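Have a look at the structure below, then the notes.
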Amino acid sequence: MASATTDRPSSSVRGLIAERGGDFSGYSFAFLDDMAKREIRRATLKAVAIPGHQVPFGSREMPIARGWGTGGLQLTLSLVGSEDRVKVIDQGDDASVNAVNLRRLVAQMTGAEETLDTAEATLIQTRHRIPEEVMRDDQILIFQVPIPEPLRFIERSVAVARGMHAEQDYSRMWLALYEDIVRRGEISAGAGYPVMVNSRFIMAPSPIPRWDIPKLNQADTLFLFGAGREKRIYAVPPHTDVRPLEFEDYAFKTEEFDGLACEVSGATDVYLVESPGENGTSRWTASDTNYADKVAAGIEVNKQW
Amino acid sequence: MVAEQTQVPEPSASSEPLLRVRDLTKIYESPGQRIVACEDVSFDVYPGEVLGIVGESGSGKSTVLQCLFQDVEATSGQAFLRSFEDGERSIFDADRRERRELRTHQMAMVYQNPRMGLNLMVTAGGNIAERLLAADWRRVDEIRDKASDYLSRTEVPVDRMDDFPAFFSGGMQQRVQIAKALANNPELVLLDELTTGLDVSVQAGVLDLVRDIQRIYGMTAVIVSHDLGVIRLLADRTLVMKDGHVVESGLTDQILEDPQHEYTQLLVNCVTN
Amino acid sequence: MGYSSVRGGLEAIGHAEQLIAGAVTDTDHEVGVEQVPGHLELLLDQVMGEGGLYDPQLGALAVKQAEGDPLEAGFLLRAYRTTLPRLGYSVPSSGRDTRVLRRISSAFRDIPGGQLLGKTRDYTQRLIDFGLGQKRAPSEGSNGTGEVNGAHATQPAEPLAPLPDEDEFPLVIDVLRAEGYMAPEPSEPVEDEPFDVTREPLRFPTRRSARLQVLARGETGAMLSLAYAGMRGYGGAHGYIGELRQGDLPVVISHPVTGKHARIGRVPVTESYQVVGGQATKADERPDYTMGYGIVTGRNERKAISMSIIDGSLKKEHKTGASIEDEEYVLHHIDAVEAMGFVEHLKLPHYVDFQASLQRTNSVRKLVQAARSNG
């Protein structure tokens, strides 16, 4: 992660900018000014030091809209150097329009190489998925977070929720889960299932499906979470305990796909999304497109997180 | 005023007091206004006893409870709870976290208005579960067993456990509130005018319930009421408050039979006539 | 299209960009950037105000690039502004120093310095001028006062009076202070250096400078709605406009070496001083009016007044529980960039999330069906 030292985009970046047909020469390397990058890195270090704790930071306006990944983008831009290989996925998909746009922006502003290959990337920015392929300790996964506060829906005041975290006052959260079970027979959180980090903080894992929750526990990879609009950064460092909130008699369960296989790769035991087809049929494909492509190409991929 | 207390034989003189309150004072101040809600109130509560505080509205009796439960901050004075720092540090010096622990584990409050003590957006069972969850209960079946146990103790039909108390009658809401207060077996229960908002027909049932629970489980409680009938039924000892001060204290029977202070005499006469 | 063809996404974006570029540049009658300040001045003012950057040239570029969408244009300005270094803070300026172009009070008929109606549409008839669509000879475009849009305005019989001096217009609020109706102005600045909301996340309760900054950058329409709701009974916020003034506020900095104050320019502003409260009580005869303050750059009276109503409501000692009195509610939701971004992010794909939600729904359904068949 070479830090940004140049003030102006490199010549290759200028070329890319010229190709796009606009004049953006008034911006720094990696868009953010050095002060901003430094501040974001400081907040990131603090977040790593206190796993699961939301660190407030002076979130900058980004050239993409709030709620479209500005928190993740600020983390990526504060960490990326021109030697990095950057991958961006949205719902697991590299080709998703917003993912393409973000990856293109990072490349244009830094000259970093774009990649689709999970194993090749040094930085992966993601919206709502963790790759199926196991990530290593020399990679960083950066999550885009819409609502960093796991207590938001039981306590709308940010100030009060902060106090609840400080005192580990989580009985209302547990109560909400209890009530859920009473009303629905189980805990209804689908994407964004609340987790307990390092036996200290309840954390919103961003809206990843339950499928991905176990991967957060004791991983080799650094997980960083950025919420731009809400101005918070938090982290799960490598080898940290991350447990879904559950009752002893109502254990956490991941999604089940009842033996369905990905129609692109034939892979089973992956997170599938359904595309309704004609005459009531549906097509099931892996949401992680790079994983599907690799399996389809006969490449062996380790997914035992 | 404090001196009078010492003349009274304590119900279990051998044991240490569970709660010691000293010089509790609450003054509400706003520009141009200074209201003394209660001043220099001191008393002890012994394990297993029910202390009554009686007085007319505005006498400061509810303020005493609110200060003890720390819904409002005492202006000065101290209160020592046996289980908090071995009774050596005043609960008024507790930090936020300790205060929350006091309110969810060691103490419980039953408010005149059930809306204050219950979360009406949560089921009856959930209201009780909240205190159990705060004590790290993590099995739903055990929580539900315990909640139904408390609900049946307070004579709330167990099949209403998953209903919202917003739709319950006032009497039933008050029973759920008492059940919630009993969860976690708090050392000290504070009861503030618990029958005042209820129909006369329902009041007797709730009072009997509290008396039975107290007898069976040996609950230690402070009960505040303007109604000498309630005090007579429930309290072992009683403080009489007027204009923010304790004017008389002693065994409840003694106070009712032989009131010393002119104001107490007036109160007692009102009831007997 | 292949299952994971990146070119697909990139091509689609490329085409979208072409369509936008076409709307901005490829027409026979391209809007000149230089026309924006003269002809679309109020739009430009709103954009610069919400964008938090007073720079008419950049603002005009943003307006053109955004096809006239004020929120999008403000967003462009913000995303540029955020990359600029903060070199320092100006010396606090007072509304007293404004070179006044318009000032009115609805609280008093006669105010020191007098009412000055100035440039306003308040008392015009809102009739569409069909003649505006016709091409005019160039000479008709000017009314001789330098007013670009003077052609369709009523011509004053006399040439406009020269600009009045700054000290001719004492603040109306100072009269109320002098009479003891309102607390005196603090003799010292309350904060040495302002809290910078563009560099630090808000902490609640906020400092005054932070609150005012968020309000000053707030979205006009959102603030109008909040203020309106406050006046209609959701907050009891009906006050009086002690003074509404428009003019050029000097920007003064302290010289980094000599420490001497130097005026480096002027920024047009609109200020609103809302008088809130009243009703002295027997118990309390303190000055019992408070001031709700509103300030925006440029001409935007709607927002300045709304801001002063909201500020007054947030300051209220005895709250009614209305949203407009709740600092977290107000300050979290009036920012155009944040609100539009998050609302419109719903356009992004949510396949994974929705699949997770469907799984839960089906799981609960199965439980219910199993329970039914068992009992």
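The values are calculated or read from the model by the stated rules, or taken from the named source; none is laboratory data. In this text, all values refer to a predicted model and were calculated from it rather than measured experimentally. Note: ideal-geometry Cβ built from the backbone for every residue, glycine included; neighbour counts use all protein chains shown. SASA here: full protein model, heavy atoms, side chains in, ligands and nucleic acids out. Shrake-Rupley method; radii C 1.70, N 1.55, O 1.52, S 1.80 Å.
Observations
- Checking every one of the GluC sites (Glu not before Pro) in the range C:307-375 against DSSP loop status and a limit of 11 other Cβ atoms within 10 Å picks out C:Glu317.
- In the range A:257-298, the inverse of the mean reciprocal separation of distinct Cα atoms equals 10.4 Å; this is its Kirkwood hydrodynamic radius.
- Per-residue ³J(HN,Hα) for the range A:61-74, Karplus 6.51 cos²θ - 1.76 cosθ + 1.60, θ = phi - 60°, Hz, x for Gly and Pro: 5, 10, x, 10, 6, 4, x, 10, x, 5, x, x, 5, 5
- Of A:Lys87/C:Lys347; A:Lys231/C:Lys347; B:Lys242/C:Lys315; C:Lys260/C:Lys316; C:Lys119/C:Lys303, those spanning more than 27 Å from alpha-carbon to alpha-carbon: B:Lys242/C:Lys315; C:Lys260/C:Lys316
- Sparsely packed loop sites in the range B:43-112 (the GluC sites (Glu not before Pro) outside DSSP H, G, I, E and B with at most 12 other Cβ atoms within 10 Å) comprise B:Glu73, B:Glu88.
- Summing Cβ point charges (Lys, Arg +1; Asp, Glu -1) relative to the Cα centre of chain A gives a dipole of roughly 1260 debye.
- Between the range C:211-274 and the range C:307-374, the Cα center-to-center distance that results, in Å: 30 Å
- Cα pair count fraction exceeding 37 Å, expressed as % - the protein assembly as shown: 61 percent
- Estimated [θ] at 222 nm from DSSP helical runs (n ≥ 4, -39500 (n - 2.57)) normalised by residues in chain C, nearest 500: -11500 deg cm²/dmol
- With R₀ fixed at 41 Å, the C-beta to C-beta distance from A:Ala251 to B:Ala166 puts the FRET efficiency at about 0.85.
- Remark: mean inter-chain Cβ contacts per residue of C:360-370 equal 3, using a 10 Å Cβ-Cβ cutoff to other protein chain atoms.
- Most positive-pole-ward Cα, B:Met241, B:Val206, B:Thr252, against dipole of the range B:191-273 from beta carbon charges: B:Val206
- Shielding score for C:12-20, defined as the mean number of other chain Cβ atoms within 10 Å: 2
- Probe 1.4 Å - accessible area at B:Ile91, Å² to nearest ten: 0 Å²
- Bridges between two residues of chain A, per DSSP, are antiparallel at a rate of about 55%.
- Heavy atoms of the protein chains alone define the surface here; on that basis the range B:119-260 has 38 Å² accessible area per residue at 1.4 Å probe size.
- Between B:Gln33 and C:Leu10, the simple label model (points 7 Å from Cα in the Cβ direction) yields a spacing of 7.1 nm.
- Estimated FRET transfer efficiency when R0 is 35 angstrom, pair A:Lys46-B:Asp71 (beta carbons, to 0.05): 0.45
- Once Rg and the Kirkwood radius are both taken over the C-alpha atoms of chain C, their ratio Rg/Rh works out to 1.05.
- The protein assembly as shown, dipole about Cα centre (Lys/Arg Cβ +1, Asp/Glu Cβ -1), debye to the nearest 20: 1200 debye
- Other protein chain Cβ atoms within 10 Å, averaged over every residue that makes up A:163-171: 4
- Bridge type composition, the range B:143-273 - antiparallel percent by DSSP, nearest 5: 60 percent
- Sites C:Glu185 and A:Asn198 - FRET efficiency at Förster radius 56 Å, r taken between beta-carbons, to 0.05: 0.65
- Contact surface A-C: accessible area buried, both sides summed, square angstrom, 1.4 angstrom probe: 4700 Å²
- Among the trypsin sites (Lys or Arg not before Pro) within the range C:159-249, those in coil by DSSP and having at most 11 neighbouring Cβ atoms inside 10 Å are C:Arg232.
- DSSP beta bridges in the protein assembly as shown [antiparallel fraction, %, rounded to 5]: 70 percent
- Measuring with a 1.4 angstrom probe and ignoring ligands and nucleic acids, B:Met116 comes out at about 130 Å² accessible.
- For C:Ile295, the residues whose modelled amide H falls within less than 5 Å of its own, excluding neighbours fewer than 5 places apart on the same chain, are C:Ser272.
- Once backbone amide H atoms are built at 1.01 Å from N, A:Arg283 has A:Ser275, A:Gly277 as its partners under 5 Å, excluding neighbours fewer than 5 places away on the same chain.
- Positive-pole candidate from C:Gln274, C:His350, C:Gly68, dipole of chain C, charges at beta carbon: C:His350
- Cα gyration tensor category, rounded, prolate or oblate, for chain A with a/c compared to 1.5: oblate
- Per-residue ellipticity at 222 nm, computed for chain B from helices alone with -39500 (n - 2.57) per DSSP H run of at least four residues, works out to -11000 deg cm²/dmol.
- Ratio of Rg to Rh over chain B (Cα coordinates, Kirkwood Rh, two decimals): 0.96
- Accessible area that becomes buried as A packs against B, both chains, 1.4 Å probe, Å², nearest 100: 1800 Å²
- Spin-label model, C:His255 to A:Val160: label points 7 Å out along the Cα-to-beta-carbon direction sit 5.4 nm apart.
- Check: chain C dipole with +1 on Lys, Arg Cβ and -1 on Asp, Glu Cβ, in debye: 1180 debye
- When a 1.4 Å probe is rolled over the protein heavy atoms, the share of accessible surface on chain C that falls to carbon and sulfur comes to 56 percent.
- Scattering from the range A:84-183 was approximated by placing one identical point on each alpha carbon and applying the Debye formula without solvent; log10 I(q)/I(0) at 0.17, 0.24 1/Å stands at -0.80, -1.11.
- Projecting label points 7 angstrom from Cα along Cα→Cβ for C:Glu317 and A:Arg152 puts them 3.7 nm apart.
- Hz values of 3J(HN,Hα) by residue in the range C:360-375 - Karplus curve (6.51, -1.76, 1.60), Gly and Pro given as x: 5, 4, 5, 4, 5, 4, 4, 4, 5, 5, 4, 4, 5, 6, 7, x
- Most to least accessible of A:His239, C:His345, C:His255 (protein chains only, probe 1.4 Å): A:His239, C:His255, C:His345
- Calculated [θ] (222 nm, deg cm²/dmol) that DSSP helices of n ≥ 4 give over chain A, each run adding -39,500 (n - 2.57): -8000 deg cm²/dmol
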